[in-house]
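Peer 1: This is the structure I want to talk about, given as structure tokens.
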Ligand SMILES: NC(=O)c1ccc[n+]([C@@H]2O[C@H](COP(=O)([O-])OP(=O)(O)OC[C@H]3O[C@@H](n4cnc5c(N)ncnc54)[C@H](O)[C@@H]3O)[C@@H](O)[C@H]2O)c1
């Protein structure tokens, strides 16, 4: 079967590779460099499984039917499903996601293919699919939330926690298409997942076909829960730091309660990355006219956390001044959110940088994946040795053993040394 994918980012490329194991996949991106990389068997993003699958396919060691293109006709004509995985950035002026890239992809699909099922994998506002179906008079649009983690994009699709597809309950054809799409994703998953035991006693990958609005809500509520958990342990850490308690001891003691669990509890400078900041704000916007206090508290808590971390950095800068360092330089060790990532979209350390620079403190950035001399007016260096010697204080959202020799000047809240 011919399947097309619009967008070769984390979501689009991982879904394209997953489905190319058993289908004829044509993937389109508007950036020619990404298309060329995929056709050479190279991943334009850092992801161990995608890199491995593409390299094995290029050397003939793995069967993948995947062609990338910038030509909508070549990609979309004759496709039975078109998966749309284009960006949905949060627009602070409209207080809503900018879904124009999703609609641009839908227009390009319909210009050459009226019959394809368009499966929106981009994260969209709650109610979006029902609205565009009505506005466009197009009943062949369904929605499937994506739950992958950056850096483990293909791994998470090979081992999915669950597969969710949304189609209107009263539209039997759409529900049937949603079920077939869920089966396609399942077929691409690691075969061992079909016999796995789930904590709720079921066997295999849980597959849910929901209404599209419920499926959209699942995505935003799941990410907001993750943000809540990060924000919770960060506020716990803020308290312990302010009162001189050992955060690590408190977290260990709290998390041995099995209902809480000793996972996803490592303090950081704040939740960040592409999805959690924008998805929490979008869910908050969706609450318009519905009572809530928790969702806005989660969004606010992340700001409060960054203010606190920036204050701690500035306190250390002032101490250096008292100790005779005339104009201390602050070093930002990596702009990325997680170790092993090549992506720093909306990373929390940028919020710290902004606050520290606003007080007139010079900042130097060590970011080997950034090929530019400056980042928002701050010098970028790839020379770790000179970075270490020039900076009086180094802030690191995530610890790295590269910093062992300068540990005394590092400020981090990465207490458990894991993501
Ligand atoms: N990154 C994640 O961890 C993640 C997880 C779940 C859901 N999502 C959601 O999935 C969507 C995509 O995220 P991503 O991280 O893959 O984004 P990305 O920025 O990595 O990739 C998007 C790709 O779409 C391309 N593109 C833009 N306009 C296009 C068009 N009109 N036609 C075809 N391609 C076009 C871009 O060039 C880019 O390569 C977003 O809505 C995001 O919220 C992302």
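The values are calculated or read from the model by the stated rules, or taken from the named source; none is laboratory data. A quick note: this is a predicted structure, and the numbers were derived from the prediction, not measured. For neighbour counting, all protein chains shown are included, and Cβ atoms are generated from backbone atoms with ideal geometry for every residue, glycine included.
Peer 1: Which numbered condition in (1) farther than 30 Å from residue 355 by Cα; (2) touching a strand residue (DSSP E or B) at 6+ places or on another chain (Cβ under 9 Å); (3) assigned by TED's automatic domain parsing to the domain that holds residue 356 is the only one that residue 274 fails?
Peer 2: Going through the list (1) farther than 30 Å from residue 355 by Cα; (2) touching a strand residue (DSSP E or B) at 6+ places or on another chain (Cβ under 9 Å); (3) assigned by TED's automatic domain parsing to the domain that holds residue 356, residue 274 breaks only (1).
Peer 1: Do you know which residues across segment 224-246 are farther than 24 Å from residue 353 by Cα and more than 16 Å from the ligand (Cβ to nearest atom)?
Peer 2: Within segment 224-246, 243, 244, 245, 246 qualify.
Peer 1: Please find, within segment 282-304, the residue that is nearest to residue 336 (Cα to Cα) out of those that are within 18 Å of the chain's Cα centre (by Cα) and surrounded by 21 or more Cβ atoms within 10 Å (Cβ to Cβ).
Peer 2: For segment 282-304, the residue satisfying everything is 302.
Peer 1: Of everything in segment 184-194, what is surrounded by fewer than 13 Cβ atoms within 10 Å (Cβ to Cβ) and at pLDDT 95 or above? Give them in sequence order. It would help to see each step written out before you state the result.
Peer 2: The initial filter retains those residues of segment 184-194 that are surrounded by fewer than 13 Cβ atoms within 10 Å (Cβ to Cβ), namely 191-192, 194.
Within segment 184-194, 191, 192 meet the criteria.
Peer 1: Which is within 29 Å of residue 223 (Cα to Cα) and near the ligand (Cβ under 9 Å from one of its atoms), of 105, 134, 48?
Peer 2: Of the residues listed, the single one that is within 29 Å of residue 223 (Cα to Cα) and near the ligand (Cβ under 9 Å from one of its atoms) is 105.
Peer 1: Here is a check on your reading of the model: is residue 333 in contact with a helix residue (DSSP H, G or I) (Cβ under 6 Å, 6 or more places away or on another chain) and under 20 Å from residue 414 (Cβ atoms)?
Peer 2: Values: in contact with a helix residue (DSSP H, G or I) (Cβ under 6 Å, 6 or more places away or on another chain): no; under 20 Å from residue 414 (Cβ atoms): yes.
The answer is no for residue 333.
Peer 1: Identify all residues within segment 50-68 that are assigned to a loop (DSSP other than H, G, I, E, B) and surrounded by 14 or more Cβ atoms within 10 Å (Cβ to Cβ); write none if there are none. Lay out the reasoning, then the answer.
Peer 2: Taking segment 50-68 and keeping what is assigned to a loop (DSSP other than H, G, I, E, B), we get 59-65.
Across segment 50-68, the qualifying residues are 62, 64, 65.
Peer 1: With the requirement that a residue be in contact with a helix residue (DSSP H, G or I) (Cβ under 7 Å, 6 or more places away or on another chain) and surrounded by fewer than 16 Cβ atoms within 10 Å (Cβ to Cβ), what does segment 36-49 give you?
Peer 2: Once the filter is applied, which keeps residues that are in contact with a helix residue (DSSP H, G or I) (Cβ under 7 Å, 6 or more places away or on another chain) and surrounded by fewer than 16 Cβ atoms within 10 Å (Cβ to Cβ), segment 36-49 yields only 42.
Peer 1: Where residues in segment 200-218 are over 24 Å from residue 22 (Cβ atoms) and within 25 Å of the chain's Cα centre (by Cα), which of them is surrounded by the fewest Cβ atoms within 10 Å (Cβ to Cβ)?
Peer 2: Taking the candidates together, the pick is 214.
Peer 1: Still on this model: Having 1 or more residues that are surrounded by fewer than 19 Cβ atoms within 10 Å (Cβ to Cβ) is the bar; report the strands (runs of 3 or more DSSP E) wholly within segment 69-137 that clear it.
Peer 2: 89-91, 96-98
Peer 1: If a residue has to be within 19 Å of the chain's Cα centre (by Cα), touching a residue at least 12 places away in the same chain (Cβ under 8 Å) and part of a loop (DSSP other than H, G, I, E, B) to count, how many in segment 138-166 make the cut?
Peer 2: The total comes to 12.
Peer 1: Hey, could you check segment 345-358 for residues that are within 16 Å of the ligand (Cβ to nearest atom) and out of contact with any helix residue (DSSP H, G or I) (no Cβ under 7 Å at 6 or more places or on another chain) and say which is modelled with the lowest pLDDT?
Peer 2: Only one residue fits best here, namely 345.
Peer 1: Still on this structure, please answer the following. Assuming residue 265 fulfils every condition listed in (1) closer than 25 Å to residue 149 by Cβ; (2) away from the ligand (no atom under 16 Å from the Cβ); (3) in contact (Cβ under 8 Å) with a residue 60 or more places away in the chain; (4) assigned to a helix (DSSP H, G or I) apart from one, which condition is it?
Peer 2: (4)
Peer 1: Then there's this: Filter segment 5-30 for residues that are over 22 Å from the mean Cα position of the chain (by Cα) and crowded, with 23+ Cβ neighbours inside 10 Å; which is nearest to the ligand (Cβ to nearest atom)?
Peer 2: Selected residue: 26.
Peer 1: Moving to a separate point now. Conditions: (1) over 25 Å from residue 282 (Cβ atoms); (2) in contact (Cβ under 8 Å) with a residue 24 or more places away in the chain; (3) surrounded by fewer than 21 Cβ atoms within 10 Å (Cβ to Cβ); (4) within 13 Å of the ligand (Cβ to nearest atom). Residue 33 meets all but one. Number of the miss?
Peer 2: (2)
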